[in-house]
Amino acid sequence: MSKKILLVSNGFYPENSPRSFRATELAKELVRQGNQVTVVTHPRQGVETFCQQHGIKFKSLGNLTWAEPTIKGSGVVRLFWRIIVRMSLLLFEYPKIQLVFLVKKALKNETGYDALISIAVPYPIHWGVARIWSKKIAKVWIADCGDPYMGQENDTFKPAFYFKWVEKWFCKKADYLTVPTEKSINGYYPEFHSKIKVIPQGFRFEDVQLFTGEKDNSKIVFGYAGMFIPGRRDPSEFLEFINTVESDKPFEFHIYTTTPQFVQPYIKNNGRVILKELVPRDKLLFELSKMDFMVNFENVGNTQTPSKLIDYLIIEKPVLSIKYGDLNKQAVHQFLKADYTQKMLLPDRELYRIENVASKFTALIP
């Protein structure tokens with residue numbers, strides 16, 4: 001039976017981010033399964049045409065207009081602006097806090113839906129829904145969460161303590177909280193665990209074009225796509241090692257990242273560490289599919305699971321998992337000899353088929 005679904009998200013096509021992929025793929029598949037889907041998001045270039053092509057109704061969330069503080073200058077001045085940027089985020093969730101007001105305004109005239117699905121991060125998306133939420137808007141509110149907020153383990157600093165009450169406030173109002181893995185549940189307050197449903201990230205595998213040509217076997221090529229976090233998802237130990245390790249074959253480590261500053265000190269004349277330009281996800285997967293294996297830099301704790309592992313599953317490449325502070329040099333040596341016996345164990349690919357993911361969402365709708 002067709003459902004009328006309202007989806008609210010900060011990230012959506014054509015933005016290149018995990019939460020944008022989450023919202024975009026889900027909206028497309030919900031329509032394919034016969035539902036009426038309205039997406040409330042920012043009016044980015046091309047988004048209206050995209051929605052028309054896929055049978056999605058688009059409504060504007062408006063633009064984020066509050067000025068974002070930036071790091072500038074050098075020396076003491078640069079340090080000052082680093083503190084300002086960090087404190088703005090930690091103490092006030094600035095400038096994303098503007099989403100609370102944008103979401104409330106965008107939803108004030110919305111009524112009669114079977115379900116409202118709000119997608120975070122950032123969490124002010126959920127807070128905006130909570131400000132205006134009533135059963136007049138929809139029969140059920142599903143708050144879809146990526147990484148935990150107060151329970152996150154991989155940022156250098158946690159949000160200010162008073163956001164604990166903000167998180168509990170919106171969790172009380174939501175009918176369901178959806179998280180990507182079972183381990184994610186521990187990142188949320190125990191009193192809300194009964195509301196939590198595990199729904200992984202989803203993609204339509206048939207849309208992914210992979211490399212089918214003949215591989216160049218004269219060298220070993222491996223890759224990583226994602227951000228780095230010093231002291232946590234930290235590449236320094238691994239990069240230092242591969243710059244000095246002996247290998248029977250020449251090799252190249254290709255890195256696609258939004259945090260190149262943690263890679264640049266390790267780029268040497270030997271050509272082993274190569275920074276690549278950021279590319280759209282479809283092109284990225286095609287490029288990664290040419291490689292011999294992938295690298296994963298482990299998070300601290302287990303409540304956050306890197307979304308890139310799903311991409312590695314789709315391209316069906318062995319994964320070398322690196323833990324900062326405990327580098328398994330033997331495993332690195334083995335991978336460089338095409339011995340993947342210590343490869344990371346990944347879940348069943350079928351869990352991430354968008355058809356199955358969308359069905360898990362609709363199963364929550366009365």
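Some notes on this structure:
- Pairs with Cβ under 6 Å, 6+ apart, first in the range 46-61 and in contact (Cβ under 8 Å) with a residue 12 or more places away in the chain, second basic (K, R): H54/K28
- Scoring D311 on the criteria (1) touching a Gly at 6+ places or on another chain (Cβ under 8 Å); (2) part of a helix (DSSP H, G or I); (3) buried (at least 17 other Cβ atoms within 10 Å of the Cβ) leaves a single failure, condition (1).
- Filtering F12, F58, F50 for residues that are modelled with pLDDT of 95 or more, part of a loop (DSSP other than H, G, I, E, B) and buried (at least 16 other Cβ atoms within 10 Å of the Cβ) leaves a single hit, F12.
- Whenever a residue of the range 324-353 is closer than 20 Å to N217 by Cα, its partners that are part of a loop (DSSP other than H, G, I, E, B) and among the small types (G, A, S), lying with C-beta atoms within less than 8 angstrom and at least six residues away or across chains, give the pairs L336/S247.
- Pairs, first at negative phi in the range 234-253, second among the aromatic types (F, W, Y) and in a loop (DSSP other than H, G, I, E, B), C-beta under 9 Å, six or more apart: D234/F228; D234/Y324; P235/F228; P235/Y324; S236/F228; S236/Y324; E237/Y324; F238/Y324
- Leading residue by the ranking (farthest from R232 (Cα to Cα)) among those in the range 247-270 that are among the hydroxyl-bearing types (S, T, Y) and assigned to a loop (DSSP other than H, G, I, E, B): S247
- Residue within the range 260-270 that is surrounded by fewer than 17 Cβ atoms within 10 Å (Cβ to Cβ) and on the phi > 0 side of the Ramachandran plot present: no
- Pairing each residue of the range 112-130 that is under 12 Å from I142 (Cβ atoms) with any residue that is surrounded by fewer than 22 Cβ atoms within 10 Å (Cβ to Cβ) and not small (G, A, S), provided the two are 6+ apart or on different chains, yields C-beta distances under 6 Å for Y113/K4; D114/K3; D114/K4; D114/K139; D114/I365; A115/V140; A115/I365; L116/I137.
- The residues of the range 207-254 that are aliphatic (A, V, I, L, M), within 14 Å of V273 (Cβ to Cβ) and either modelled with pLDDT under 90 or out of contact with any helix residue (DSSP H, G or I) (no Cβ under 9 Å at 6 or more places or on another chain) (or both) amount to a single one, V221.
- Every residue from the range 1-44 that is in contact with an Asp or Glu (Cβ under 8 Å, 6 or more places away or on another chain), farther than 16 Å from S118 by Cβ and not charged (D, E, K, R): Q33
- Candidates M227, M150 - the one that is of a type in the set (A, V, I, L, M), assigned by TED's automatic domain parsing to the domain that holds L285 and not in a strand (DSSP E or B): M227
- Residues that are out of contact with any Phe, Trp or Tyr (no Cβ under 9 Å at 6 or more places or on another chain) and either at positive phi or free of Cβ contacts under 8 Å to residues at least 60 places away in the same chain (or both), drawn from the range 16-31: S17, V31
- When restricted to residues that are in a loop (DSSP other than H, G, I, E, B), surrounded by 10 or more Cβ atoms within 10 Å (Cβ to Cβ) and of a type in the set (V, I, T), the range 198-223 contains 2.
- Residue in the range 264-273 that is among the aromatic types (F, W, Y), in the same structural domain as A338 (by TED's automatic domain parsing) and free of Cβ contacts under 8 Å to residues at least 60 places away in the same chain present: yes
- Flag for S184 being over 18 Å from the mean Cα position of the chain (by Cα), polar (S, T, N, Q) and either within 27 Å of N35 (Cβ to Cβ) or in the same structural domain as P230 (by TED's automatic domain parsing) (or both): no
- Being touching a residue at least 24 places away in the same chain (Cβ under 8 Å), surrounded by fewer than 19 Cβ atoms within 10 Å (Cβ to Cβ) and more than 23 Å from G187 (Cα to Cα) is a description that does not apply to K360.
The values are calculated or read from the model by the stated rules, or taken from the named source; none is laboratory data. Keep in mind that what you see is a predicted model, and the values were worked out from it rather than measured. Every residue, glycine as well, gets a Cβ built from its backbone with ideal geometry; the counts of neighbours run over all protein chains shown.
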